[in-house]
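The structure under discussion appears below in the form of structure tokens.
Any read-out appearing in this document is the output of simple, stated calculations on the displayed coordinates, not a laboratory observation. These numbers were taken from a predicted model, which means no experiment stands behind them. Quick reminder, even Gly has a Cβ in these numbers, built from the backbone with ideal geometry, and neighbours come from all protein chains shown.
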Amino acid sequence: MNLDDPICLCFRVSRRKIISYLRIHQPRFASQLSECGGAGTGCGWCIPILQQLFARSQNQPIDLNLDQLDFQQYQQDRGVYLTLKSNRENKRDNELPEQEEQNST
Ligand code: FES
């Protein structure tokens, strides 16, 4: 991935923008990256990478090399993530009425 590829695909927030935010605002927690264009507040797919970028800004060792990550693959993997997430939510929604019926009897 290059610097201008979006890390957060939901809100089109690039790695360059996140790195700049980290340098300028020096957040204390990774979750504060949500203030950078809403990064990480959509589907959640990018949160592990945001956490890695935050860790790097804190001079902590990280195990991810974003330069070697293929952007097309990153997008495709997110598609799989969204499908699995949707299936999980649908399954949970379908199970709720039965549980509610059992609780009311
Ligand atoms: S890709 Fe960042 S929240 Fe969805």
Review point. What is the number of the single condition among (1) surrounded by 14 or more Cβ atoms within 10 Å (Cβ to Cβ); (2) without any contact (Cβ under 8 Å) to a residue 60 or more places away in the chain; (3) not polar (S, T, N, Q) that VAL80 does not meet?
Key: (1)
Exercise for review: Among what's in region 30-45 and is in contact with a Leu (Cβ under 8 Å, 6 or more places away or on another chain) and assigned to a helix (DSSP H, G or I), pick the residue that is surrounded by the most Cβ atoms within 10 Å (Cβ to Cβ).
Suggested key: LEU33
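I'm checking my understanding of the structure. Among residues of region 3-29 that are basic (Lys, Arg) and not in a loop (DSSP other than H, G, I, E, B), which one is nearest to the chain's Cα centre (by Cα)? Walk me through it before giving the result.
First, the residues of region 3-29 that are basic (Lys, Arg): 12, 15-17, 23, 28.
Imposing the further condition that a residue be not in a loop (DSSP other than H, G, I, E, B) reduces the set to 15-17, 23.
Numbers: ARG15: 12, ARG16: 16, LYS17: 15, ARG23: 20 Å.
So, considering only residues that are basic (Lys, Arg) and not in a loop (DSSP other than H, G, I, E, B), the one nearest to the chain's Cα centre (by Cα) is ARG15.
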